[in-house]
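The values are calculated or read from the model by the stated rules, or taken from the named source; none is laboratory data. The structure presented is a predicted model; accordingly, all values stated were derived computationally and were not measured. Cβ atoms come from the backbone with ideal geometry, glycine included; neighbour counts cover every protein chain shown. Protein only, heavy atoms only, side chains kept; ligands, DNA and RNA dropped before computing areas. Shrake-Rupley method; radii C 1.70, N 1.55, O 1.52, S 1.80 Å.
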Amino acid sequence: MTMDVDDILKEIGEFGPYQRAIYVFMSCAWIPGAFQTLLSVFVNRIPEWECTPCVTTPTHACAWPVNPVCGNATHDKDEYCHLPDGSYYFTHPDHTATATLDLICDQAWKDSLVPSAFFVGYFFGCGVFGAMADRYGRRISTVVPAALSIIFSALSALVSNYWLYLVLRALVGFGTGGFGLCAFVLGNEFVGPSYRSATGTMASAFFSVGEIILAFIAWLVPDWRLLTIVITLTQLPYLFLRWLVPESPRYLLAAGRKRESLEVLRKVARRNGRSMPDKVTRSTSVVHPTPLPDPFSETESERTASWGAPGDHGHGARVNAADAPCVDSRALVADVESRDADFDGGEEDGSDETAKYGASTVLRHPVLRARLLIMLGVWFANSFGYYGLSLNTGNLGGSLYVNLALSALVEVPALPLSSWLLDRLGRKRTTGGLMIIAGAACMVGLVLPDTSAYHVPRLAAFLAGKFCVAGSFAVLYVYGVELFPTVVRSVAVGMSSQSARLGGVVAPGAVYLSHLGENLPFLAFGAVLLAAGASVFCLPETLRLPLMQTLDDVDGHVEASRRHSRRGEERLLSERTKSQDDTPVDDEEEEEE
């Protein structure tokens, strides 16, 4: 009798002490990932400045008139652009690359290109190293991008030419994208099916922790060059991955290296204080990937009972890293999980029913085309709003360090709350509702004056928007996976994820609008989130509906969604009527009757 990896993990421990150690270590890769992603918040901010003292003497007259800006400016914004040269100076020019590289006033647009270049590199890094992980293994594909990220990040701290700095930051994004993707895959491939849902979504929490730590490190190390070096050093432990973490047993099995896979599983069992199953130790044919039914073919209740949440990994799932179109920790969880389900549903002989379907299939189908177009906008809006708000912390006034730390803290409760709402309000209401609230919060920030008196209300609106967009981003993949049949699910989710990448690239441009008006970034984020959130309500509800397998299931799925919505409305009306009937009647009304 043959066994797959998950069968063995159920015997030796699905998430034992050894697997927990591996998972935490590999998930911590998202902490330096957060450092690199949001480094520009501190490095590319508007430098602090002061007016140059001017004293008129009998032999010397001031070269510039007294300007009221000097007495009224906050000195952390770019009012100096309206002053004559020589009438101001930067108090700490070594604190920002903006001052060092002279990215001020009419050159400020160059500043916004730096984080955009990082996201462009991130996009290509995911694709290149994802393919490398499937061909050469998870460990080497984690070490190589980590090394590249370290080298290019260190070099970026030493240069004094803007264009060279821009290229280096794009290369840092290239390494960071591959590093985060492969680390996530390696850490989760040691986890059994019962825990895979929780461990997959926890990657977001590690990213949020990284944001908080970055704010503290930036406060301790204000020099931008030294700060870049410090956060670069946090990736060094992953260069020694070969001696710290074994290769993924799932990858080894898929690569035909069955004995090595078994040795890794024996090590896991030994570290967990367990023994390998007798039927494995007696067998000379180690382990085999047993083809099992696609978990997406089950009903939601069955899937929830088995995996803990919709969209989780299937039995014996091996993450196909090359097919995982990552954006960040949140979207990466989505893409990897959707790909796992399709992998499990494939035949052992390598034939794949989904191979004959592609993007053109989705675009030719009127129902799926409409869903895809909406989801492209929704994914774009979530990424645009999430990263845009994070990068916009420097325009809120007050302490930049406190602002970023608070924006990360509000993300922590957003994930469990949004997951809880999914099964209470449904997919459509939760996703669309959170996005609309996030957009409305941004609009509140738009109308509030940018003065010290309104700092707290503006910060509260910002945090409310960040909380809601983090929640909608976290649960978006559940809804996206359920909207498409298995045969085109990977294609649809992949295209949606590409749209989210574009949102990350464009977000810094929206932050640049603050040079034209302090609150204009709020207008951009709010308008996009509101429009995309409203479009979600054009989609069907998928709560408690079985997932579609083929294109023929789409029409039935649409009708089932309508019936489900009508039953939900009738049930709600019935509950309200019953509640009114149970209301006690006043004594006077009883006497009149």
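Total residues in segment 239-258 satisfying the condition of being more than 24 Å from Ala147 (Cβ to Cβ), buried (at least 20 other Cβ atoms within 10 Å of the Cβ) and among the hydrophobic types (A, V, I, L, M, F, W, C): the figure is 1. Considering only residues in segment 363-408 that are out of contact with any helix residue (DSSP H, G or I) (no Cβ under 7 Å at 6 or more places or on another chain) and assigned to a helix (DSSP H, G or I), the one that is nearest to Arg489 (Cα to Cα) turns out to be Arg371. The criterion of at least 1 residues that are at pLDDT 85 or above is met by the following helices (runs of 4 or more DSSP H) wholly inside segment 54-148: 97-100, 109-136. Restricting segment 131-168 to residues that are under 23 Å from the mean Cα position of the chain (by Cα), under 29 Å from Arg225 (Cα atoms) and not hydrophobic (A, V, I, L, M, F, W, C), which is surrounded by the fewest Cβ atoms within 10 Å (Cβ to Cβ)? The selected residue is Ser153. Check whether at least one residue in segment 197-216 is more than 19 Å from Ser27 (Cβ to Cβ), assigned to a helix (DSSP H, G or I) and at pLDDT 90 or above, and report yes or no. Within segment 197-216, one or more residues are more than 19 Å from Ser27 (Cβ to Cβ), assigned to a helix (DSSP H, G or I) and at pLDDT 90 or above. Just one residue in the set Phe467, Phe484, Phe525, Phe473 is part of a helix (DSSP H, G or I) and closer than 19 Å to Leu373 by Cα; that residue is Phe473. The residues on offer are Ala370, Ala408, Ala440, Ala414, and the sole one that is open to solvent by less than 10 Å² (accessible area, probe 1.4 Å) and either under 21 Å from Val528 (Cα atoms) or β-branched (Val, Ile, Thr) (or both) is Ala414. The number of residues in segment 383-405 that are buried (at least 18 other Cβ atoms within 10 Å of the Cβ) and over 15 Å from the mean Cα position of the chain (by Cα) comes to 11. Just so you know, in segment 495-532 the residues that are polar (S, T, N, Q) and touching an Asp or Glu at 6+ places or on another chain (Cβ under 8 Å) include one that is most open to solvent (accessible area, probe 1.4 Å), and it is Asn519. Scanning segment 409-451 for residues that are small (Gly, Ala, Ser) and on the phi < 0 side of the Ramachandran plot gives Ala414, Ser418, Ser419, Gly432, Gly433, Ala438, Gly439, Ala440, Ala441, Gly445. Scanning segment 218-232 for residues that are touching a residue at least 24 places away in the same chain (Cβ under 8 Å) and either farther than 15 Å from Leu38 by Cβ or surrounded by fewer than 19 Cβ atoms within 10 Å (Cβ to Cβ) (or both) yields Trp219, Pro222, Asp223, Arg225, Leu226, Ile229. For segment 533-542, filtered to residues that are of a type in the set (A, V, I, L, M) and open to solvent by less than 10 Å² (accessible area, probe 1.4 Å), the residue that is nearest to the chain's Cα centre (by Cα) is Val536.
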